[in-house]
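To start, the structure under review is shown below, and the notes come after it.
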Amino acid sequence: MSNKLEHNNIPLDSVSASWKWMGKPLKRFEDRRLLLGDTAFVDDLDIPDLLYVAILRSPYAHAKLLKVDLSGALKVPGVVTAIDGDTAKAVTKTIPSYAVATLKPEEYCLATKKVRYVGEAVAAVVATDPAVAEDAIEEIKVQYEPLLAVIDAEKAVNSKSNFVYDSFGTNAVGHNHALWGNVDEAFRSADQTLKERISVQRFSSTPLEPLAVIAKFDRFTQELTLWCNAQMTGHVMMGLSEMLGMPTNKIRLIVQDIGGGFGIKTRPWRPLAIASLLAMRTNGKPVKYIEDRREHMMAAGMTAGGIFDVEVAFKNDGKILGFRLHEINNDGASLQYAGTYSSMRATLINGSYDIRNIEWDSYTTLTNECPSMPNRGVGKPGMVYIVERMIEFVAQRLKMDPAEIRRRNFIPANKFPYATPSGRVYDSGNYPALLRKALEIVEYDKLREKQAELRKNGKYIGIGLATYVHGASAHSREIEGISIKIDAKGNIVANSGSPDMGTGHTTTISQIIAEELGVNPESITVDHFDSNFSPWTPYSGTHANKFSGPDVEVTLQAAKKLRAKVVAIGANLLEANPIDIELEDGKIFVKGSRERYKTLAEIARASYQNPKLLPEGVEPGLEETAIGNTPLATGAFMTDAKYEVGSMHQLVTGPGSPTSFMTYPSSAHVAVVEVDMETGELKILNYVIVHDCGRIINPLIVQGQVQGNAVHGIGVALLEQFVYDEDGQLLTSSFVDYLKPTTCEVPNIIDDHVVTPSPRSSIGIKGVGEGESLGPLASLANAVEDAIAPLGGDFRIHSLPITPEKIYELVKRAQKQRNRT
Amino acid sequence: MTKHLVHLKVNGELKEGYAEPRTLLVYFLRRELGLRSPHVGCDTTSCGACTVLMDGLPVKSCTVFAVQADGSEITTTEGLSKNGKLHPLQEAFWESHALQCGYCTPGFLMASLAILNRNASPTEEEIRRNLSGNLCMCTGYLNIIKAVKLASEKMAKVRN
Ligand code: FES
Ligand code: FES
């Protein structure tokens, strides 16, 4: 099957007829530099007098930290200074706790009193050479008293002793319970019910560039400068200022190239704080810390694992009446992000289906594993997995076609805006159309015939579906800032609070500005983040699928304000009526007479010179900063919606503004696989994605997101898993044990669109940064079960990744049972 | 630790610098010779971000000691373009949107160049097999595979 990479599959309604630069598959402007090797990743930066940091990490999952003796390290020639947890505790505050607000965090950037996971930072050394720093940490003497590791999340929830944090008196740090609709009644009136336990492993999108930071402290200005590959600039500014007890105007955060982030780089508190503390002890010399891969796998953060018990009530015609979901989430050894994987599920609990009766009972527990961090979609992959597996189980029980059962339960296309049971409001969508198009592309009916035919010849192919909603941007609460300036020569530079991390911000922002100001987008400079110059808010950053929301909105707002000013000045100079002015090719025309124009450079010069020459009421200068979002976004939630995602948000907005997404993109995935019954080997024969991300600013970038996302999801479904043994040792700390998809595993992916423009976006777009990574977990599990269905019996995939061993076991068990009967 | 003088011909120019016996080639190229394009994604031979050509063959430069490379000829991404004009392979990556964050890109360019040097028109199968030692976390690889095919067409045109 060929991979349809050409852009001939872009439907006309994905662009607005009036767009000139938006909607075009422009090659990215940032690429030339990256292709030449002229990069500005943290480790590339040319900063003189660098010193190097190495971090000593705990070999134990759980142990008392009795003594840390730095003296040996300090004797190593070339070592400048060293610190341990006691120093950190004396001069810094605890790491911000994002989610569970009721407990008092005890975690510092270096361990104190206890170590709580393998790889936890215990001490740090600075030396004149990176190898010397590595040598020196071996000379640090640490006395540990090992404790029993808390690893089994299910046991941890109810344990009455052996706590990850003794003062909490429990490992179950979070509990959400909700009853929506009438669940008892749904179960009473059901024809049938079924119950199943499924789970999602701990995984990470593992950005190829690990965490990296350079810190420099100027003794005279008392200013701390940080070059860091952090995604969430705003959180870093707010959180680090708290931790270090420094005012934000003395912290300068510079974010240049980021080698992928996927959420894992949103809040690198420990490397940031450790490097900052060390930089204050080196007489003004900058220090650099570059995490290595093993450290990244052990300590940078990963998803929360989840065990899910689902019980579903349904009618014999396939209509799902309601379900109960009981979850246990394993968030590792930190409060930093604990609880967020759980609470995010409330935002998408019914998926793309009109299911109103739901009971949700969700525990968050701590264990002696690596702390959870956001990772592409956070709780969304799990939620999609739960709902898309549940509906499959029902179809299997009823022997109903999986496409048909979805059609019978979909939220109808005419029911938007749709208020979900949990109080979120979906903006727009057409789920039946998504599925229809996806089935057309795979030629579903023919494929089913072929499947039956092949089975006769001992070949087993399976077809798996996933049809779901994702969410993008946490509505009006997440606000962003951008400043756009037309300088005195008419050149344009933009500066946003959210950094580019391979996400195409530079090109996309340029396309939007070019559209408003009538210039060639390539002529625009989009500068990197620098907190001294870039506008930023507590939410600033590249995360939560939010570029499509506030980032785009503020870019439009600032560009429109500038346009109005340019038009006013231009009309004045041309002695024309402002409504007759048009902007194109860097010129300002009077409609209908192309000879009557001024260049943008001329307008700019006028605006920066004698104010008397400017029209009434127009201030000199052409600079606009916009901070905010669109008022359209506030339609995204009901006022009585509950279950906040992350209490840190409340620090800024106050309680009572629950998370719901600004836009709700949606997808239909169809996986076609072949299972080798002898070996358990799985081959993906075809993978089709039809998605709805509303209108599209740059189809090339959108397709790149679709493909990259889908391969993340395929990796999670088939390969990736962090494995801990019972002592809490991480068995998968390199890419030899933690398997990623390579060019040999990825299937060709056909992607296509359905477009329902979002009424909450000024230009009808929806988010595209996360969605396709959610579907493959369920589509592939569903496909494998479909492939082995002829063996009969209730043989199900209960855990991911779906390895050949698991398939093999399943096939053997099914065959054994069949031989017995 | 004692340091050894290491001579290399890097992208056509003679270079020298000092390296400890344990210094990996990738760190020597980056820290001693100031090249930026070989990146470190794992330093354990798994990701290919550090791939360079050593005497024409692709090596993961985190798996070679600098002293082992003494006297050899090294090609990196910096050596691909001529006077600011992109190599057809770079152009093909650009047109195919074969990079997102760009951290893996220099490694993929070098590994791809090695494929094309060996076989001017490789099959998809060959491209996939020979790039499987390079990890990209962003793109999902499909556009990279497409870019190598496109590059082979572009280079054929240049030759004719
Ligand atoms: S850094 Fe050399 S293979 Fe990863
Ligand atoms: S483009 Fe980011 S790792 Fe390949």
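The values are calculated or read from the model by the stated rules, or taken from the named source; none is laboratory data. Keep in mind that this is a model prediction, so the values were computed, not measured. As a convention, Cβ positions derive from the backbone with ideal geometry for all residues, glycine included, and neighbour counts pool all protein chains shown.
Total residues in segment A:314-327 satisfying the condition of being touching a residue at least 60 places away in the same chain (Cβ under 8 Å), under 29 Å from the mean Cα position of the chain (by Cα) and surrounded by fewer than 24 Cβ atoms within 10 Å (Cβ to Cβ): the figure is 2.
Please enumerate the residues belonging to segment B:136-154 that are within 9 Å of ligand 2 (Cβ to nearest atom) and either in a helix (DSSP H, G or I) or more than 10 Å from every other protein chain (Cβ to nearest Cβ) (or both). Residue satisfying the conditions is B:I144 alone.
Criterion applied to A:L208, A:L194, A:L148 was being in contact with a Gly (Cβ under 7 Å, 6 or more places away or on another chain) and at pLDDT 95 or above, and the one residue passing it is A:L208. Selection of segment B:103-126 for residues being without any contact (Cβ under 8 Å) to a residue 60 or more places away in the chain and more than 16 Å from ligand 2 (Cβ to nearest atom) yields B:I115, B:L116, B:R118, B:N119, B:A120, B:S121, B:P122, B:T123, B:E124, B:E125, B:E126.
Candidates A:K285, A:K265: the one that is under 18 Å from A:L50 (Cα atoms), more than 16 Å from ligand 1 (Cβ to nearest atom), among the charged types (D, E, K, R) and not assigned by TED's automatic domain parsing to the domain that holds A:N545 is A:K285. Of all residues in segment A:672-706, none satisfies the criterion of being without any contact (Cβ under 8 Å) to a residue 24 or more places away in the chain and buried (at least 24 other Cβ atoms within 10 Å of the Cβ). Within segment A:771-795, track down each residue that is outside any helix (DSSP H, G or I) and in contact with a helix residue (DSSP H, G or I) (Cβ under 6 Å, 6 or more places away or on another chain). Residues satisfying the conditions are A:L774, A:G792, A:G793, A:F795. Pairing each residue of segment B:135-153 that is not assigned by TED's automatic domain parsing to the domain that holds B:T105 with any residue that is away from ligand 2 (no atom under 12 Å from the Cβ) and modelled with pLDDT under 95, provided the two are 6+ apart or on different chains, yields no C-beta distance under 6 Å.
In segment B:90-97 there is no residue matching the filter, namely being buried (at least 24 other Cβ atoms within 10 Å of the Cβ), touching a residue at least 60 places away in the same chain (Cβ under 8 Å) and within 9 Å of another protein chain (Cβ to nearest Cβ). Being in a loop (DSSP other than H, G, I, E, B), farther than 15 Å from B:G133 by Cβ and more than 16 Å from ligand 2 (Cβ to nearest atom) is the filter here, so list the residues in segment B:17-48 that pass it. Hits for segment B:17-48 are B:E20, B:P21, B:R22, B:T23, B:L33, B:G34, B:L35.
Checked against (1) more than 16 Å from ligand 1 (Cβ to nearest atom); (2) away from chain A (no Cβ under 13 Å); (3) under 16 Å from the mean Cα position of the chain (by Cα), B:N160 passes all but condition (3). Taking every residue in segment A:22-43 that is within 7 Å of another protein chain (Cβ to nearest Cβ) and free of Cβ contacts under 8 Å to residues at least 40 places away in the same chain and pairing it with any residue that is among the acidic types (D, E) and surrounded by fewer than 22 Cβ atoms within 10 Å (Cβ to Cβ), at least 6 positions away or on another chain, the pairs with Cβ-Cβ distances below 7 Å are A:G37/B:E78. Against the definition (among the small types (G, A, S) and either farther than 20 Å from A:E480 by Cα or at pLDDT below 95 (or both)), how does A:G502 come out, yes or no? So A:G502 fails the test. Scanning segment B:30-72 for residues that are within 7 Å of ligand 1 (Cβ to nearest atom) and of a type in the set (A, V, I, L, M, F, W, C) turns up B:V40, B:C42, B:C47, B:A49, B:C50, B:C62. Quick check: anything in segment B:54-71 at pLDDT below 95 and under 25 Å from A:I47 (Cβ atoms)? No - not one qualifying residue is present in segment B:54-71. Of the strands (runs of 3 or more DSSP E) lying entirely inside segment A:408-508, those carrying at least 2 residues that are farther than 20 Å from A:I697 by Cα are A:460-469, A:480-486.
Taking segment A:390-407 as the search range and keeping residues that are outside any helix (DSSP H, G or I) and of a type outside the set (D, E), which one is surrounded by the most Cβ atoms within 10 Å (Cβ to Cβ)? Selected residue: A:M400. Of the conditions (1) within 16 Å of ligand 2 (Cβ to nearest atom); (2) away from chain A (no Cβ under 13 Å), B:T51 fails just one. Which one is it? With respect to (1) within 16 Å of ligand 2 (Cβ to nearest atom); (2) away from chain A (no Cβ under 13 Å), B:T51 is out only on (2). Considering only segment A:255-296, how many residues are away from every other protein chain (no Cβ under 14 Å) and either among the acidic types (D, E) or within 21 Å of the chain's Cα centre (by Cα) (or both)? The qualifying residues number 7. Where strands (runs of 3 or more DSSP E) fall entirely within segment A:533-640, those with at least 1 residues that are within 21 Å of A:A474 (Cβ to Cβ) are at A:623-628.
Here is a yes/no grid of residues against (1) within 27 Å of the chain's Cα centre (by Cα); (2) crowded, with 23+ Cβ neighbours inside 10 Å:
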site: A:C370; (1), (2): yes, yes
site: A:M373; (1), (2): yes, yes
site: A:P417; (1), (2): yes, no
site: A:Y444; (1), (2): no, no
site: A:G471; (1), (2): yes, yes
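Within segment B:119-132, restricting attention to residues that are in contact with a helix residue (DSSP H, G or I) (Cβ under 7 Å, 6 or more places away or on another chain) and within 16 Å of ligand 1 (Cβ to nearest atom), the residue that is farthest from the other protein chains (Cβ to nearest Cβ) is B:N130. On the stretch given as segment A:474-505, residues that are under 30 Å from A:Y687 (Cα atoms) and touching a Phe, Trp or Tyr at 6+ places or on another chain (Cβ under 6 Å) total 0. Going by what's in this entry, would B:A111 be described as in contact with a strand residue (DSSP E or B) (Cβ under 6 Å, 6 or more places away or on another chain), hydrophobic (A, V, I, L, M, F, W, C) and not in a loop (DSSP other than H, G, I, E, B)? Here the answer is yes, as B:A111 does meet what is asked. Out of all the residues in segment B:96-106, is one or more at pLDDT 95 or above, within 16 Å of ligand 1 (Cβ to nearest atom) and small (G, A, S)? Yes. So, in segment B:54-77, exactly how many residues are more than 11 Å from chain A (Cβ to nearest Cβ) and under 19 Å from B:N134 (Cα atoms)? Total meeting the criteria: 11.
Among residues of segment A:727-750 that are under 20 Å from A:I684 (Cβ atoms) and facing chain B (nearest Cβ under 10 Å), those with a Cβ under 8 angstrom from a residue that is of a type in the set (S, T, Y) and surrounded by fewer than 19 Cβ atoms within 10 Å (Cβ to Cβ), sequence gap 6+ or separate chain, pair up as A:T742/B:S132; A:T743/B:S132; A:C744/B:S132; A:N748/A:S2.
Within segment A:363-383, does at least one residue satisfy the condition of being touching a helix residue (DSSP H, G or I) at 6+ places or on another chain (Cβ under 6 Å), among the aliphatic types (A, V, I, L, M) and more than 30 Å from A:S58 (Cβ to Cβ)? Yes, segment A:363-383 has at least one match.
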